[in-house]
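Structure, as structure tokens:
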Amino acid sequence: MSMLEVSHVSKSYGSKSVIADVNLAFEENKIYGLLGRNGAGKSTLLNIITDRIFPSSGEVKIDSENVADNDSKLGLMYLMSEVDLYPNGAKLSQIVKDSELIYGGFNHKLADKMIAEFKIDMGQKFGKLSTGYNSIFKLILALCLPVKFVILDEPVLGLDANHRELFYTELLDSYADNPRTFILSTHLIEEVANIISDVIILDQGRIILNQPVEDVLAKTHSVVGQKNEVEEYTKGLNVVGHDDMGNIRANYVYGDLDDRRLPDTVQLSNFDLQKLFVFLTNQYEGSKRHEN
Amino acid sequence: MQFEFNSSEPIYRQVAEQIEDAIASGGFEEGAQIPSTTEISKEFHINPATVLKGMNIAVSKQLIEKRRGLGMFVKQGARQRIVEAKRDGFFDAFIVNLVREARNLNISEEELLDLVKRGYSQ
């Protein structure tokens, strides 16, 4: 059982704190979604996990062993990142060969299938790839290298809708064939909402949510009806946002409802992950709106 | 199988319902094999653990069964079981709402019964 643990990791640049006391445990064979707004610290965190930058404090461990300068543990992770580490003049086929040597294996069968599906020319030079094909090439590496932790930072950057669909299908196919841990960092929450089993939300360098998606969704409640009745029903509950349409009010609650009686005229349903994300990472603006 | 997902109900429950609906409508015939967890996962971009959870609900309702090494199959009598379960829930699922809406619209019991008769005669 391989476990990736992040304990008490912080990172500051000068007096600016980017990551603040982050604690996470990534279990084997789960698909995690790491969500956060621009500048929340997602890429910094992923770069710390894979030992590309040093934390100011804290440590990252795989199976209780620190990963810093630890080649055998670092070889269990692959981070497909926006930062391009490959030489621009290298041919794609050469990068595959080099990566195969470093990681000690490569799933050529899957790679050939993906190369054909995405119609990518492996004779091209890495520096000449468009944004979309740059992503596609790194996704092929990520899925074909024999690692236990596949870390995808903005995996579908620059991909058109058809290629995104194709990628999610390949991801799930490859996961079914060879279960391992995936960490997907993305802005496109709706596209991954059903794919991930656990959701982690990073906001201003802190973890504000880390739970199975199913448990999270069970705690979302939209309460819609006449304004005064809705306010009465949600009094004392954790209201994270609201919408108004004339005298009709929708209050969005995150948390348990108590057993007070629901008036016939008030409707109760769940709301989705994207909406919750917007409310939770928008608290300042949300509370300001509340006062108006 | 025609999956259309909404965000207000857990996906695993929707998977179970879609399988049930497909059996009820005859889309999945009794004794026939249904798509595997992986196939559904890939096709609709759902985590395989979620699909499996939905499948397990259908298994526990005796609608489908696993045949080792072969896959999931619709059980004999599954359709009848679904019809019986739906009949049991018919009053709560439909009649309660029907009567409530009729009252809102000031439709009397007699008028409502006439409307039901008209529905049957069509």
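General observations
- Computed from backbone phi, the HN-Hα couplings of the range A:148-165 come to 8, 10, 9, 10, 10, 9, 6, x, 9, 4, x, 8, 6, 4, 5, 5, 5, 4 Hz, rounded to whole numbers (Karplus: 6.51 cos²θ - 1.76 cosθ + 1.60, θ = phi - 60°; Gly and Pro given as x).
- Its residue count N sets the reference 2.2 N^0.38 Å, and the alpha-carbon radius of gyration of chain B equals 1.34 times that reference.
- Look at the stretch A:203-216: the mean tally of other chain Cβ atoms within 10 Å of its residues' Cβ atoms is 1.
- Mean per-residue shielding of peptide A:262-271 is 1, counting Cβ atoms of other chains within 10 Å of each Cβ.
- Two-site label geometry, A:Gln124 and A:Leu188: point separation in nm, points 7 Å out along Cα→Cβ: 1.8 nm
- Long-range HN-HN contacts of A:Val199 with modeled amide H, under 5 Å: A:Gly33, A:Gln211, A:Val213
- Sequence-separation-based contact order of chain B, relative, with Cα cut under 8 Å and 6+ spacing, percent: 23 percent
- Residues of the range A:237-278 with amide N under 15 Å of the 7 Å Cα→Cβ point at B:Asn104: A:263-268
- Inter-chain Cβ neighbour count for B:37-49, averaged per residue, equals 6 (cutoff 10 Å, partner chain atoms only).
- Surface/4 estimate of mean projected area, convex hull on alpha-carbon atoms of the range B:79-121, nm²: 3.6 nm²
- Set of lysines near B:Lys75 by C-alpha distance (under 20 Å), chain-local residues within fewer than 8 positions excluded: B:Lys53, B:Lys61, B:Lys66, B:Lys86
- Euclidean distance between Cα centres, the range B:12-76 to the range A:103-151, Å: 33 Å
- For a modelled paramagnetic label at A:Thr131, 7 Å from Cα along Cα-to-Cβ, the residues of the range A:71-112 in reach, with backbone nitrogen under 14 Å, are A:82-83.
- Computed FRET value (nearest 0.05) for A:Lys109 with B:Glu39, which takes r as the C-beta separation and R₀ as 22 Å: 0.70
- The range A:212-278: radius of gyration and largest Cα-Cα distance (Dmax), Å: 11.4, 36
- Set of aspartates and glutamates with alpha-carbon distance to A:Lys61 below 18 Å, sequence-local pairs under 8 removed: A:Glu5, A:Asp21, A:Glu27, A:Glu28, A:Asp51, A:Asp69, A:Asp71
- 19 Å reach of a label modelled at A:Ser93, 7 Å along Cα-to-Cβ, counting backbone N of the range A:106-130: A:106-129
- Distance (nanometres) between label positions extended 7 Å along Cα→Cβ at A:Asn178 and A:Glu59: 3.0 nm
- Report note on the peptides B:93-100, A:224-231: ranked by the mean count of other C-beta atoms within 10 Å, highest first, their order is A:224-231, B:93-100.
- Cα gyration tensor, the range A:4-210 - rounded (a/c under 1.5), prolate or oblate: prolate
- Pairs from A:Lys73/B:Lys42; A:Lys219/B:Lys42; A:Lys73/A:Lys148 whose Cα-Cα separation, in the structure shown, is over 21 Å: A:Lys73/B:Lys42; A:Lys219/B:Lys42
- Modelled spin labels at A:Ser10 and B:Arg13, positioned 7 Å past Cα toward Cβ, are 4.3 nm from each other.
- Partner lysines whose Cα lies under 21 Å from the Cα of A:Lys128, excluding those fewer than 8 positions away in the same chain, are identified as A:Lys91, A:Lys97, A:Lys119, A:Lys138.
- Peptides A:198-211, A:103-116 ordered by average Cβ neighbours within 10 Å, highest first: A:198-211, A:103-116
- Global form of the protein assembly as shown, assessed from the alpha-carbon gyration tensor, a/c cut-off 1.5: oblate
Every number in this text was worked out from the coordinates using simple rules, so none of it is lab data. Everything numeric here is computed off the predicted structure, so don't read it as measured data. Methodologically, a virtual Cβ is constructed for each residue, glycine included, from the backbone with ideal geometry; neighbour enumeration extends over all protein chains shown.
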